[in-house]
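Chemist: The following block contains the structure, expressed as structure tokens.
The values are calculated or read from the model by the stated rules, or taken from the named source; none is laboratory data. In this text, all values refer to a predicted model and were calculated from it rather than measured experimentally. Cβ sites come from the backbone with ideal geometry, for glycine too, and all protein chains shown count toward neighbours.
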């Protein structure tokens, strides 16, 4: 019983700390003079993915057995899968809910209201998200991810002497992505409205730098601790529900570890900052495709079994689906929400593999 209570408490703590984190990281982006989308793709994504990368580092470097070290390999594959399916799916559902609420408000208030989120949030579920430039930006991020991810999966199917050293290439790939994102988009900070006051200094029009840094690091610390407790409770709850350790590790744990990114997306959609929500997910996917993969290549055999290969296949299907919609400029909240169903496809395909 206590495990279920702690799950709820940890989820609440993650959500509240993410509220403080997204508030602080937007001000941090203003302080660093980076583009608004870089706040999502780099600053927020790096912050929420850092704890997971640390867990992967610990697993692959201190694991007493090869099986223990392979936990890091599973995390490197499960993270992108959860983001490409569940995170995008939840974002689509939040957009649908926001649009229904907006339509009710417009029906009550009468004509004259605006959309409010910069991506047509007041429209119908079938309305395309954003302008062609927004679709092109997201598509470019996802193409970066696909290029890295295909190489990552291919390396899991082969073995050769110098394969571990290829891990350095993945770090270089993220460095190139980081450089591109930080260079571009200056002057975009106000494209989705003014920033909310910093929660640590609510009365200050422009908060002090020390307060921005303190709130960013403090909220990240809470996210890290609460996320780890959430994963541990999930590991305990899985057997209670009749789930094997393998199913819990491959099916439930990835969602738990990506919970901060999902919470960030929910908060930003609720605030009407849809571009930031999508940028945070795409940026987190790039980190998950590179940093944990580089660590896994350096410190493990990086050999995929059927379950890991299946995770890679479903991830590529999910991104292929998203890229097709973006290329045709047909990405709607409903179609984005449908990407979450691919996680159920992964679950269904996992049953015969683990049986």
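Chemist: Go through the residues of the stretch 231-238 one by one and say whether even a single one is at pLDDT 90 or above and in contact with a helix residue (DSSP H, G or I) (Cβ under 8 Å, 6 or more places away or on another chain).
Modeler: no
Chemist: Could you pull out the residue among 241, 250, 278 that is surrounded by fewer than 24 Cβ atoms within 10 Å (Cβ to Cβ) and over 19 Å from residue 54 (Cα atoms)?
Modeler: From the options 241, 250, 278, the qualifying one is 241.
Chemist: Same structure, new question: Sort out which residues of the stretch 314-333 are surrounded by fewer than 15 Cβ atoms within 10 Å (Cβ to Cβ) and either under 20 Å from residue 148 (Cα atoms) or in contact (Cβ under 8 Å) with a residue 40 or more places away in the chain (or both), and write them in order of number.
Modeler: Matches in the stretch 314-333: 320, 324, 327, 330.
Chemist: Still on this model: Of everything in the stretch 62-79 that's at pLDDT below 70 and in a helix (DSSP H, G or I), which residue is surrounded by the fewest Cβ atoms within 10 Å (Cβ to Cβ)?
Modeler: Checking each candidate, the answer is 67.
Chemist: Which ones in the stretch 165-198 are modelled with pLDDT of 75 or more, surrounded by fewer than 15 Cβ atoms within 10 Å (Cβ to Cβ) and within 21 Å of residue 274 (Cα to Cα)?
Modeler: 196
Chemist: Could you grab the pairs with beta carbons closer than 7 Å, sequence gap of 6+ or different chains, first residue in the stretch 172-189 and under 16 Å from residue 286 (Cβ atoms), second one assigned to a helix (DSSP H, G or I) and modelled with pLDDT under 75?
Modeler: Close Cβ pairs satisfying both conditions: 185/36.
Chemist: Moving on. Identify all residues within the stretch 346-355 that are touching a helix residue (DSSP H, G or I) at 6+ places or on another chain (Cβ under 6 Å) and either free of Cβ contacts under 8 Å to residues at least 40 places away in the same chain or within 19 Å of residue 150 (Cβ to Cβ) (or both); write none if there are none.
Modeler: 346, 349
Chemist: Let me ask something additional. Quick one: residue 223 ticks every box in (1) within 23 Å of the chain's Cα centre (by Cα); (2) crowded, with 20+ Cβ neighbours inside 10 Å; (3) over 16 Å from residue 15 (Cβ atoms); (4) modelled with pLDDT of 85 or more except a single one, so which number is it?
Modeler: Every listed condition holds for residue 223 apart from (3).
Chemist: Tell me the residue from 38, 11, 45 that is outside any loop (DSSP other than H, G, I, E, B), surrounded by fewer than 19 Cβ atoms within 10 Å (Cβ to Cβ), out of contact with any strand residue (DSSP E or B) (no Cβ under 7 Å at 6 or more places or on another chain) and at pLDDT 80 or above, please. I'd like the intermediate steps shown before the answer.
Modeler: Values: 38 fails: surrounded by fewer than 19 Cβ atoms within 10 Å (Cβ to Cβ); 45 fails: surrounded by fewer than 19 Cβ atoms within 10 Å (Cβ to Cβ).
Every option except 11 fails the conditions.
Chemist: Does residue 292 satisfy the condition of being over 20 Å from the mean Cα position of the chain (by Cα) and under 26 Å from residue 234 (Cα atoms)?
Modeler: Taking the combined requirement at face value, the residue does not satisfy it.
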